[in-house]
Every structure is written in C-alpha cells, then in structure tokens.
C-alpha cells in the first residue's frame, strides 16, 4: 500500500513538472502582436529588385536571431537613385531568452500587415522588427509614437511621483551605469502592492541618443498616462512601460506568480488530509526545483559568456569613457571583414570603420591569445581617456561585450610617421618646415604627458609608427599600452618586465629596467634624428656607414659636418641651416648615455622655440640597444595601411 502511494506521488510530481515546463515553453513561443506603423505611410508600387532585397533582409534577420544576442541589423542592395537598398533591424527585449521565436513571427506578419510599403515597423510584446529604404541605423526615431493605457486610474500624487522617479532611475541605469540600453526594476508601493517598470532602446543607438529618446517618451507620459495605472509609450527607437504586475522576466529571482501564496496554502491545510499535504508539498518542491534549474542554467550561460572578461576590468574601467554597442562596431567595420582591416600587431587587429553619423574610426580588436594585450587594453582605457591634447590621439569609446575587447579611436587619414619617413615615394611629400612642425608637435605632446596632464605619464614606447598624422599632418602620439603613471613626487621606477622597441629604448631601461621621463626623452631624441636623416636607427649599421644612426650622427657632429646626415629631400626645402643644426644638437642631447645629462621635455620645447638660446654641448650617445638583424622589428611591413600603431614588444632580461 505504501509503495502504491509513493508511485502515485511520483506520477503526480512528474505531472506537475510537465505542466510547469509546458507553461514556460508556451509562454516563450507565444509573442503577442501589439501594433505596427503602416497607417502612417501609403502603399507604393515596389520594384522587383526592392521586393527581392526585402525578402532577403527579412530572411537574414529571422535566421540571425537564432544565433545572436537578441539584436542585429544589416542592409542589402545598392543605395542608388533607384532606391533598391533595404535596411533592416530586429531588437528583442533585454530579458527575452527566445528571441528567434518573436523575430520569426514578425518577419512573417510584417508583409501581411504592411503590404507594398517601402518602410515598416512592427511591434510585438517581445521584440521589434523594422525595415526601410533609407538608412536609419544609429538615428533616433520618436515619431510616430504610440501609447497603450490601462483602465485603472491613479489619483495618489505620491504614486505618480514614485512612478516618474522609477523611470528616471531606469533611464540612468540603461544609458549611464549599465550601458546595455535596457533596464527593468520595481518598487514596493505598500506591503502588498508592487509597481514594475522597463525601459529599452534599439541597440544600434549610442547611450546619449538612447537617453534622449527615453526622455522624450517620458515627457509624453505626462500628457497621456501619468494618471493611469499600467501604460506603455514607445516609438521605433525606444519604449518605456509601467504596470502593477511583473510583466518582465528576472532571471535573478523567482517569478512572483510562480511562488505559492502562503495564505492559500494555509487555508488548504486546514481542510485537507495528510495525503493532500504531501501532494502540495511535492508540487511546490517540484516547481521550485524546476525554476531553480532554469535559473541556474541561465546563470551558467551568462557566466560562461563573461569568463574571458576579468571582473577587474569592469571595476577599473574609466567611467569618463563612453561605451559603444558591439552591433554598431560590427556594422561599421562590415563585421570585421578583411577589406576593413588596416593591419595587425601583437595585440590583435585594427579595422577601419564608419559610424552611422559618417565619422571614420579605427577599431583596435584585442586578440584573445594576446598575453600582453589584456594589460595594454586596461592601460589605454585608464590613461588615454583621461588625457586630452591636440598632439595625442583621441580614444573615442570602448566596447566590452561577450568575448570582445574593442577600442575605438579617431581615424588618422595620413597614416603614421614611419609610413612617410621610410618610404622613398612618401618621403618626397615632406619638407623641412613640415618636419620641424612635426618635431615640435611631438615635443609638446610629451611635455603634456610628463608635466601638464592630470597624470604624470611615461609613454615607454615612443617611435615613428606610434606617431599618427591627421588630415593637416599634425602629429598625434598614440598607443599607450605600455604607459605608466607616476605618483606625485615620484621620479623613476623599476621593472623586471622590460618591454619596448629596439632602437628607441634608453640604455638604463633596456639593461636595468629603470624608467623615468628621461626614458621618453631618449626615444624623442632618436625620433628627431630619424626625421632629419630619413633613416631608421635600427638597421642603420647595415648601410655603408657600418654603425648606428646615433653614433654616426655623433661622429659627424664631432667632425663639424653634421648637416651631412640630413635627408636630401629636406635639404632642398631648408632655408636656414642653423635650424637643422640646432635640431641635431637637441637630438644628441636627448640621447646622451647618462639620463641625468638629458634635458626634460619642458627644456626641449624651450630650446626648439628659441633661436637665441645657447645650447649645451652634447656628450657621446649611448650604444644602440638591440640585436643585429636584417629585419627591423619596429617596421610596419605587416600593415596594409600603416596609419595604425604597430606595437612591437621585446622582452629583454636585465643584467
């Protein structure tokens, strides 16, 4: 008899699990159509090409939803005068786990509900689908907007104020703190009542544009809905929703509607037998086990996605640096295509992209196999985002999504300095006036890093390929992956991990691991002599002179014939030889063997600006640091476009 009861309980328990699981699946498979915007446009005769492209983009979006993170966009066709190009986007609610089901329904229904439209937007409870013959990616669309209002009325001024405060809190979370462009939360109106809210933007938008859109929707609430309990205000770019029940999924908590009501359980206990108590107990236990398993699976899934991103990054990232959605970067770089690639280095690859507003950018994509890359990424975010100077490259934003670490810079159309210095054809575009301007710009950028910025920063990897040139050939120091900040009063530091580029490293750093502002001064001196001579310091011994550029220049200086090192192209455009001699003098002062003998960058800037200042006589420069190889490890030969930094890192064991 006891065994029979146990069997019945097992069957009933299995039945409860089945019903619970079926309800979850049914809920996931039933996205609800809400509305569309087809009444705001008139039917048109569509060309065959447009119809074909439209079917293709809808098919792509439906298939992509099965493998994406809940949002994506793409375009098909040429945007010619015929207007055959189609731009399409889908975006699922941030808490929805079965995105592909909603998108599949939307792609099927949109053509039925909006026939012969060149543009349409269809809204479901779990997603939005949109297409147009015009590029709307990254643009805010707030008209037409639409509202759905509940039947209950709210007269309590406190609740109205709390609902507005909740929405402002959600907007801040979505656009400033979490940077996910969606957020949901709730508050307790009383011990028995709760209120729930959600905000979400189309994830092709930036944080700022998302905030603008949501604030416009919130302003609409004041006109239509604030005295109603339960409302939704939305447009093609964003929506906000408020209600008295939990309409969203929260994977960190048990859904409240599935938690048993204690009063109901108590009432049943009073009028039930012992067997009913057991059945209820097993039922509740089964539901809890099912929900716990579901939550654990989601938690594990999310945890796996974030494993590669160390928690320390999220804690130490610069809050002043904007973030940009991964989908935006993927679109503007054509999904990191080979045609968009500018080059690659030890850190990973660099791609050229065009933002939706037309700005050109350079995207550095960190390689997951790069051992040093993680530290470089952190350095760039921590340092360069806080540094603003006309002679430093601008870091526009970063992206940390899934397994991606991306840095977004302003694009430099004139490539890097080494591309012009060491290319026989490009070098002809330089003249002495421009070269002197580049030297002065680099000096001012270093001075800012050493003395004028919020941080006292030592670059540690200044070289020709890390100086980029803008459209007016203004120099901008880039790549702060090896940079270090000094505390107030700190003059130097030691490291066992010596990293840098052959030919540019000061001897005390290369041999002993000691670095200071004078380390950068040495690199600057090498760069000055390279600009004047048009020759690389590394590999210079392979020429007919048989020695390093520094020692060759020192020899000519001692002989009184230092002008012989000047590149012939620059010589033709130079009017005042004394300017060149002063620059060679300054270069030799910067590469002196003893760091104490080298000038500071503030002194260098003054020396460059003054024609009358008497310059000290330089002492013999240090020997070149590096191996004797026929290939210059600091060159940009692996780059199709050397406008992006090539980080060449060498590990040298100090003596």
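With the condition kept exactly as written, say whether any residue in the stretch 543-564 is in a helix (DSSP H, G or I) and closer than 16 Å to residue 461 by Cβ.
Initial filter on the stretch 543-564 (in a helix (DSSP H, G or I)): 549-559, 562-564.
Going one step further and asking which of them are closer than 16 Å to residue 461 by Cβ, we end up with none.
So far as the stretch 543-564 goes, no, none of its residues is in a helix (DSSP H, G or I) and closer than 16 Å to residue 461 by Cβ.
The rows are residues; the columns are (1) loosely packed, with under 15 Cβ neighbours inside 10 Å; (2) farther than 24 Å from residue 359 by Cβ; (3) in contact with a helix residue (DSSP H, G or I) (Cβ under 6 Å, 6 or more places away or on another chain).
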position: 134; (1), (2), (3): yes, no, no
position: 138; (1), (2), (3): no, no, no
position: 142; (1), (2), (3): no, no, yes
position: 152; (1), (2), (3): yes, yes, no
position: 161; (1), (2), (3): yes, yes, no
position: 166; (1), (2), (3): no, yes, no
position: 169; (1), (2), (3): no, yes, no
position: 175; (1), (2), (3): no, no, yes
Run down 604, 591, 580 and say which single residue is closer than 18 Å to residue 505 by Cβ and in contact with a helix residue (DSSP H, G or I) (Cβ under 9 Å, 6 or more places away or on another chain). 591
Test: residue in the stretch 421-440 that is in contact with a helix residue (DSSP H, G or I) (Cβ under 9 Å, 6 or more places away or on another chain), free of Cβ contacts under 8 Å to residues at least 24 places away in the same chain and surrounded by fewer than 24 Cβ atoms within 10 Å (Cβ to Cβ): yes
Could you please find all residues in the stretch 205-248 being part of a helix (DSSP H, G or I) and closer than 20 Å to residue 150 by Cβ? 217, 218, 219, 220, 221, 222, 223, 224
What single numbered condition from (1) within 28 Å of the chain's Cα centre (by Cα); (2) more than 21 Å from residue 220 (Cα to Cα) fails to hold for residue 199? (2)
If you go through the stretch 382-400 one residue at a time, how many are part of a strand (DSSP E or B) and surrounded by fewer than 20 Cβ atoms within 10 Å (Cβ to Cβ)? 2
Conditions (1) out of contact with any helix residue (DSSP H, G or I) (no Cβ under 7 Å at 6 or more places or on another chain); (2) part of a loop (DSSP other than H, G, I, E, B); (3) modelled with pLDDT under 65 -> residue 335 fails only (3)
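Conditions tested, residue by residue: (1) within 22 Å of residue 243 (Cβ to Cβ); (2) at pLDDT below 90; (3) assigned by TED's automatic domain parsing to the domain that holds residue 244.
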position: 97; (1), (2), (3): yes, yes, no
position: 111; (1), (2), (3): no, no, no
position: 127; (1), (2), (3): yes, no, no
position: 187; (1), (2), (3): yes, no, yes
position: 212; (1), (2), (3): no, no, yes
Test residue 563 against the criterion of being closer than 24 Å to residue 450 by Cβ and modelled with pLDDT of 50 or more, and give yes or no. no
Residue that is out of contact with any strand residue (DSSP E or B) (no Cβ under 7 Å at 6 or more places or on another chain), modelled with pLDDT under 85 and at positive phi, where the choices are 138, 83: 83
Could you please give the count of residues in the stretch 570-596 that are surrounded by 15 or more Cβ atoms within 10 Å (Cβ to Cβ), within 42 Å of the chain's Cα centre (by Cα) and outside any helix (DSSP H, G or I)? 3
Determine if the stretch 420-427 includes at least one residue that is out of contact with any strand residue (DSSP E or B) (no Cβ under 6 Å at 6 or more places or on another chain), in the same structural domain as residue 605 (by TED's automatic domain parsing), in a loop (DSSP other than H, G, I, E, B) and modelled with pLDDT under 90. yes
Please verify whether residue 180 is modelled with pLDDT under 90, part of a loop (DSSP other than H, G, I, E, B), within 26 Å of the chain's Cα centre (by Cα) and within 30 Å of residue 402 (Cα to Cα), treating the condition exactly as stated. yes
Residues in the stretch 439-456: is at least one part of a strand (DSSP E or B) and either closer than 17 Å to residue 599 by Cα or outside the structural domain of residue 392 (by TED's automatic domain parsing) (or both)? yes
For the stretch 507-522, state whether one or more residues are in a loop (DSSP other than H, G, I, E, B) and at pLDDT below 90. yes
Only listed residue being modelled with pLDDT of 50 or more, surrounded by 23 or more Cβ atoms within 10 Å (Cβ to Cβ) and under 27 Å from residue 448 (Cα atoms), chosen from 642, 616, 621, 599: 621
When residue 78 is evaluated against the numbered criteria (1) at pLDDT below 90; (2) part of a loop (DSSP other than H, G, I, E, B); (3) over 21 Å from residue 330 (Cα atoms), which criterion, by number, is the only one it fails? (3)
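The values are calculated or read from the model by the stated rules, or taken from the named source; none is laboratory data. Note that the coordinates shown come from a computational prediction; the quantities given were computed from them, not determined experimentally. Heads up, the Cβs are rebuilt from the backbone with ideal geometry, glycines too, and the neighbour counts pull from every protein chain shown.
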